[in-house]
Every structure is written in C-alpha cells, then in structure tokens.
Amino acid sequence: PHLGEILSLHDFETVARETMTRRGWNYYSSGADDEITMRENYNAYQRVWFRPRVLRDVTKIDYSTKILGYDSSMPVYITATALGKLGHPEGEVCLTRAAAEQGIIQMIPTLASCGFDEMVDAAAPGQVQFLQLYVNAEKSRTKKIIEHARDRGIKALFITVDAPQLGRREKDMRTKFEGNASAHQTKGGDKVQRDQGAARAISSFIDPSLNWNDVPFLRECAGDKMKLILKGVQTWEDAVLAAEFGCDGIVLSNHGGRQLDFAPSPITILPEVVAQLNARGLMYPRNKPKFEIFVDGGVRRATDVLKAIALGATAVGIGRPMIYAMSTYGTEGVSHALQILKDEFLMNMRLIGAPTLADVVPSMVDTSALPLP
Ligand code: FNR
C-alpha cells in the first residue's frame with residue numbers, strides 16, 4: 001500500500017509480514033521459547049486504563065520532553081535492534097535520518113549492520129545519539145569502544161544486561177537451517193552465511209561473567225561526558241542496585257521478549273520500581289530527575305507511552321515497529337511511523353486532559369487491573 005494508507009504502527013507490521021524476506025521477518029518478529037513474554041509485553045498495556053480529566057484548556061498541547069537532559073520532540077526513542085540490513089539494504093542509517101527528521105534520539109546498536117562511524121556520520125548537526133553496548137569479555141576492547149564513542153559525541157551508554165547468553169528463538173533458528181541449505185546452492189548464500197556468523201558472534205563475544213563489580217569500571221569509562229544506563233533491568237531490587245552503583249538510569253526491558261520467556265512485562269513492574277526507588281530517596285521529582293527510568297517492549301501507541309509516563313517513566317523505547325517501517329518504506333517509513341505517534345500524542349493528550357507531559361500524573365491511570373493475579 002501507499003505510505004499514506006498506513007494509519008498505525010500495526011499497519012507496518014502487517015505489510016512487513018507480507019513483504020519482508022522470510023529470514024528477515026523471522027529474525028525481527030521472533031521471541032524466546034513460547035513467546036509468552038513477547039505477547040505479554042503488548043497485552044499488559046491493555047490492563048491499564050485512563051482516568052481522563054475534562055474541562056481543561058487543551059488548545060495547546062506540548063509533548064516535547066528531555067531524555068537524560070537532551071531535547072526530544074516526544075517521550076520516545078528508537079531502541080537498539082541488531083542487523084538492520086536484514087530488513088533494508090541501507091540498514092540503520094534509515095533510522096538515523098528519520099530520527100533527525102522527527103527530532104528524536106536513536107540508540108545505536110553494537111551489532112548494527114552499518115558501521116558505528118557510518119551511523120554517526122549520517123547524523124544531522126547537533127543530533128543526539130546514544131549507544132547500546134554489549135560488554136566484551138576483553139575489558140580493554142570495551143574501554144576502547146567507549147572512548148571512541150565519547151570522542152564521536154555519543155551522549156549515553158546503554159549497557160545490555162539481560163543477555164549473558166542469547167535467548168532461544170525457534171522461529172529464527174528454523175529459517176537458519178533453511179537458509180543454510182540454500183546457502184550452498186545459491187549465489188546469495190554468501191550473505192546468508194555472514195549474517196549467521198554475526199548472530200553467532202553475539203553469543204561468543206558477550207561476557208557472561210559480567211557482574212555488579214564491573215559497573216564502577218564502566219562508570220569510569222563513561223566519565224562525566226556520557227550517561228550510563230543499564231538496559232534490561234527486570235526487578236526493583238536491581239533498579240535500586242543500579243542507582244546505588246551510580247548509574248544515571250535503567251531501562252526496564254526484557255529485550256522485547258527475546259531472552260527469558262516468562263520475564264515480566266516492564267509496565268507491570270514499573271509501579272513497584274518507582275515506589276521502591278522513591279522510598280529510598282533515589283528519585284527526584286520529574287522536573288529534576290537524578291535517576292531516570294525507561295521502559296521498552298510492546299509499545300505500539302502513544303496511549304501506551306502515556307501510561308508509562310503517568311507511572312513514572314521518562315520515555316519509552318520502540319523496537320520492532322521502527323524496523324518494520326524501515327524494512328517496508330525505508331527512511332520515509334520510519335519518519336511516517338514517528339509522525340503517526342506525534343498525531344496520536346496530540347489527540348490523546350487532549351482527550352485525557354493533559355496539555356503537557358508534566359500533567360500526565362499517576363492519578364491519570366487506573367492500574368487496579370494491572371498486577372498479575
Ligand atoms: C532487539 N533488541 C536488542 N537489544 C539490545 O540491547 N541489543 C541488540 O542487539 C538488540 N537486538 C534486537 C534485534 C531485534 C530484531 C529486536 C526486535 C530487538 C531489543 C530491543 O532493544 C528492545 O528491547 C525491544 O525491541 C523492545 O521491544 P519491541 O518494541 O520490539 O516490542
């Protein structure tokens with residue numbers, strides 16, 4: 001369909017399913033084991049309802065915000081997803097350019113198909129980028145990567161902590177066997193095999209010995225020019241530890257349901273994480289946060305984002321919808337996806353009676369159906 005006929009983030013997924021290579025689709029869309037967590041990430045948002053307020057002047061709506069101190073046109077960022085060229089020949093630079101067009105922040109993945117410098121070079125002047133990092137077993141290697149990132153103007157490091165080993169994504173594994181068989185027969189086989197190598201490399205260079213005692217080292221490498229965030233925290237206990245270890249924030253995330261099946265959905269644990277941090281004085285009011293909480297996984301609508309904001313998140317990361325938009329319509333598609341979200345913010349903030357994000361407070365949501373039974 002014509003891009004103008006794409007009305008929601010779901011539409012990109014539908015087109016992607018029909019038009020992407022099977023290999024690309026299976027890599028992007030798969031979750032771990034029985035995909036219970038992947039589905040729950042999305043479903044959990046349906047257990048949060050609004051308590052909309054009326055008769056507030058909603059002529060002017062402002063959904064802009066700051067993420068770790070940097071301007072963002074909306075409380076959304078593009079999270080790190082590996083292997084962009086499985087979806088689009090230009091790969092992740094499509095995300096870089098669309099982020100620039102729409103004034104939001106891109107988190108560059110360690111395992112991008114494009115080179116790190118290529119993605120930094122593709123950025124517009126002043127465009128803010130973050131870097132997702134898989135910590136290498138060789139610490140000196142990690143230090144070098146971090147120093148290079150700092151020199152190239154990366155503003156924050158997101159250390160992935162939910163992947164000491166790669167989750168089992170059976171849908172993806174099945175096509176690999178098929179891909180492998182055809183790899184020996186077709187000309188394109190060479191590329192298939194290299195991608196396989198990349199996937200395997202993920203589990204081989206990631207350091208499963210990574211532990212809390214490494215956090216001060218990472219903090220020191222990040223220095224005072226870069227923020228340090230742990231991506232993949234899944235309990236309030238680890239959220240408290242992250243704050244105590246001097247991190248600037250966390251992403252409550254289960255890797256889009258691609259790692260541990262039956263990991264809880266981030267929106268479900270967000271209320272207790274915020275409560276426990278507050279009880280320990282580890283969070284300041286939202287206008288002056290000292291420790292920021294992000295969530296990702298299953299976010300498909302601005303209403304999902306507003307629910308997370310109401311419950312204390314600074315912003316949310318969006319993964320699959322961005323790479324589905326990239327795979328189907330390139331840079332233009334990703335930009336359109338982000339514009340859809342902006343339109344949704346405008347409308348829904350009017351309808352809940354919140355002219356700014358500061359008005360999106362806990363009493364605007366009903367979470368009585370949220371906790372798992
Ligand atoms: C990811 N994600 C991810 N995270 C990370 O820290 N490093 C990585 O290399 C990747 N790679 C990756 C590939 C693909 C295809 C997907 C779908 C996801 C996880 C990602 O950052 C994020 O946590 C989820 O994508 C959020 O869930 P949604 O928005 O995809 O539902």
Rounded FRET efficiency, nearest 0.05, which uses the C-beta distance separating K143 from E5 and R0 of 45 Å: 0.40
Protection proxy ranking of 267-274, 339-346 - average other beta-carbon atoms within 10 Å, highest first: 267-274, 339-346
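Could you tell me which of the pairs K171/K225; K85/K231; K85/K155; K60/K85; K139/K290; K139/K307 are separated by over 31 angstrom between their Cα atoms in the structure shown? Can you show the working numbers first?
Numbers: K171/K225 41 Å; K85/K231 23 Å; K85/K155 25 Å; K60/K85 40 Å; K139/K290 28 Å; K139/K307 39 Å.
Going by Cα-Cα distance, K171/K225; K60/K85; K139/K307 fall outside the 31 Å limit.
Can you give me the relative contact order of the chain as a percent, contacts being Cα pairs under 8 Å and 6 or more apart? All intermediate terms of the calculation are to be shown ahead of the outcome.
Working: 695 pairs, mean separation 107.7, N = 373.
Dividing the mean separation by the residue count of the chain yields 29 percent.
Determine, for each peptide in 351-359, 319-327, 26-34, the mean count of other beta carbons within 10 angstrom over its residues, then list the peptides with the highest first.
On the way: 351-359: 18.0, 319-327: 26.9, 26-34: 20.7.
Averaged packing, sorted descending, gives the order 319-327, 26-34, 351-359.
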To the nearest 500 deg cm²/dmol, what mean residue ellipticity at 222 nm is calculated for the chain from DSSP H runs of n ≥ 4 alone, each contributing -39,500 (n - 2.57), summed and divided by the residues? -13500 deg cm²/dmol
Translational diffusion coefficient, Stokes-Einstein: compute it for segment 1-142 using the Kirkwood radius over C-alpha pairs as Rh, at 4 °C and 1.567 mPa s, and state it as an integer in µm² s⁻¹. 72 µm²/s
Hey, with R₀ at 51 Å, roughly what FRET efficiency would R174 and S368 work out to, going by the Cβ-Cβ distance, to 0.05? 0.80
For each of L3, L86, count neighbouring Cβ atoms within 10 Å of the residue's Cβ, then give the residues from fewest to most. L3, L86
Tell me which aspartates and glutamates have Cα within less than 20 Å of K342's Cα, excluding those fewer than 8 residues away on the same chain? E5, D11, E13, D57, D62, D71, E101, D296, D304, E332, D359
Evaluate the Kirkwood expression for the hydrodynamic radius of the chain, namely the inverse of the mean inverse distance over all pairs of different C-alpha atoms, and round to one decimal in Å. 20.9 Å
Could you give the C-alpha radius of gyration of segment 1-54 expressed as a fraction of 2.2 N^0.38 Å, taking N as the number of residues it contains? 1.53
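Any read-out appearing in this document is the output of simple, stated calculations on the displayed coordinates, not a laboratory observation. Note that the structure is predicted; figures quoted are calculated from it, not measured. Neighbour counts are summed over all protein chains in view; Cβ atoms, including those assigned to glycine, are modelled from backbone coordinates with ideal geometry.
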